[in-house]
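*Asks:* This is the structure I want to talk about, given as structure tokens.
All of the numbers you see were taken from the coordinates with simple rules; none came from a lab. Since this is a predicted model, take the numbers as computed values, not measurements. FYI the Cβ positions are ideal-geometry reconstructions off the backbone, even for glycines, and counts take in every protein chain you see.
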Amino acid sequence: MEEKEFPKPGLGGNVVAEAKSKFSGFLSWLFSFTKFLFGVFLLPFVYGSTVAFLKQFNGVTSTGQTFFWSGAISFLLVYLFICEPLSIYTRGHKILEWVFSFFRPLVKVAPYLLPIYTILLGVLYLIIASVAKSADLTNNFVFLFGFTLSLHLVFSAKTLRSKKGDFLKGNYIFGFSFVYITSILILSFFLSLSFEKFSFVSLSNQAYQIGRGIIIGVFNQLFSVKA
């Protein structure tokens, strides 16, 4: 009499678990690919915001421009040749985590997105300038704007780039593009309050128009039908 074979216990569970794992992996891949596409979509606006910022920056006094770039270069020199002030950056993270502790999703995003030290300096400058504004005060704060913004961009880029499992660098391209554009807009807002010839509205409009023009141009090149 032949013996009947019965399925081994747990075999079905393994198949289900493997299917769930593959489905989870597919969703992760799809999410990363979507972020990659959004990141590529943001690149024209990264370029646009940079060009618009540099155009508006010509409205800043020559001394102010010198102080700003001196601040940015000073941070890079400290970072490359003296030490990496990572502890300063992480303290900024903790400040933002405390500020947005009421809303958990923002706790994860805000520390990377917002240049906290630039924002705090901007608020402090507006308070002091409302009482006693001077060229020296403005120039010193502009120097600190350049220093702190460079700190934020460098460490945000380093943190996003070091994340593992970043398919096609989707997290990095999308994340840093968003961080860069947001940082430029925040800095521009404070500069527009500090210098009469620097216009935040004009910068925003120019950045949008440049980015939009690039996207439309690429789309027409790819999908236009020639007669």
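*Asks:* Taking 0.36 nm per intervening residue step and subtracting the Cα-Cα distance, what contour gain separates S202 from S101 on full extension? Mind showing how you got there, number by number?
*Replies:* Numbers: separation 101, 0.36 × 101 = 36.36 nm, distance 3.41 nm.
Length difference between fully extended and current span is 32.9 nm.
*Asks:* Here is a further query. T61 label point, 7 Å along Cα→Cβ, cut-off 13 Å on backbone N: hits in segment 140-163?
*Replies:* 140-143
*Asks:* Using only Cα positions of segment 59-211, each an equal point scatterer, no hydration layer, compute I(q)/I(0) via Debye at q = 0.09, 0.17, 0.19 Å⁻¹ and quote the log10 values to two decimals.
*Replies:* With no solvent term, the Cα-only Debye profile gives -0.31, -1.10, -1.30.
*Asks:* Give me the tail of P(r) for segment 32-117 as a percent: Cα-Cα pairs with distance above 23 Å. Please report the intermediate quantities before stating the final value.
*Replies:* On the way: 1893 of 3655 pairs.
I get 52 percent for the Cα pairs in segment 32-117 exceeding 23 Å.
*Asks:* Assuming 0.36 nm per residue, please report the length gained on full extension of the stretch L137 to L77 beyond their Cα-Cα distance.
*Replies:* Values: separation 60, 0.36 × 60 = 21.60 nm, distance 2.36 nm.
Computed gain between L137 and L77 is 19.2 nm.
*Asks:* Same structure, new question: Considering only Cα-Cα distances, which of the following residue pairs are longer than 25 Å: K158/K197; K108/K197; K35/K108?
*Replies:* In this structure, K158/K197; K108/K197 exceed 25 Å between Cα atoms.
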